[in-house]
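Report on the following structure.
Values in this text are rule-based calculations from the coordinates and carry no lab data. Note that the structure is a prediction, hence the values are computed from the model and not measured. Reconstructed Cβ throughout: ideal geometry from the backbone, glycine too, with neighbour counts over all protein chains shown.
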Amino acid sequence: MSNQNQRPRQFDLIAFDWDGTLFDSTAIITRCIQRAVVDVGGEEPSREAASYVIGMPLMQALAHAAPDVPTEKYPQLGDRYRHHYVANQHDLNLFEGVLPMLADLKARHHWIAVATAKSRKGLSEALHAVELKGTFDGSRTADETAGKPNPLMLHELMREFGVEPERTLMIGDTTHDLQMALNAGCASVGVSYGAHEPSAFQALKPLHVAHSVKALRQWLHDNA
């Protein structure tokens, strides 16, 4: 990207959240959280409460969704969540249109990365499962940096590629993603088809809220 004529119009680096943004996993993650809480004797959280914590580091998310579960049961709670998720992970897929959108961005000389609350092991398994190895130029996970909305994973990605905050765009489906972008001094775009209601996004100043992958692809084509 050293050739100035090949640089994208506005953003050199585009970082995507994974679950609920690229990967159609919100409903299953929500159900896995609910089942895990019940398994350890807690009251089943509502769908809204369980989906709100998607994007947080796993144990922080489970603790938030299950305030009545004692801390000594958190390891068991995490184990039960992982049990349910593994049992359902083969039912998960990329949202329709994600692969062409990513191909468009690569063709226009953007660097594309993943910034996710998943673990490195979980992201590697997901990338392998959907045959995306080599598609992304970089990635950061919460277990190797810090959980959202701490901006560390974006800071590390920007340092890796030598990109300034004003040339970096974060795309996500939760307020945690958009707050992380704000904390990092980056622009953001929200998507409304994931875990959080888009009515909560405006206070975090996203440039746009896309209601489908097709609409996101078009906005990126026109503006990124």
Of THR174, THR21, THR71, the most mobile residue in a GNM of the chain (C-alpha springs, cutoff 10 Å) is THR71
Which of LYS73/LYS118; LYS106/LYS133; LYS106/LYS214; LYS148/LYS205; LYS121/LYS205 have a Cα-Cα distance over 24 Å?
LYS121/LYS205
Contour minus Cα-Cα span, ARG120 to ASP79, at 0.36 nm per residue, comes to 13.1 nm
Going 7 Å from the Cα of ASN93 toward and past its Cβ, which residues in the range 200-215 have a backbone nitrogen under 16 Å from where you end up?
213-214
Taking alpha-carbon centroids only, the range 164-195 lies from the range 90-155 a number of Å equal to 14
Is the shape of the range 81-209 best called rounded, prolate or oblate, per the rule: a/c under 1.5 gives rounded, else a/b larger than b/c gives prolate, else oblate, with a ≥ b ≥ c the square roots of the Cα gyration tensor eigenvalues?
rounded
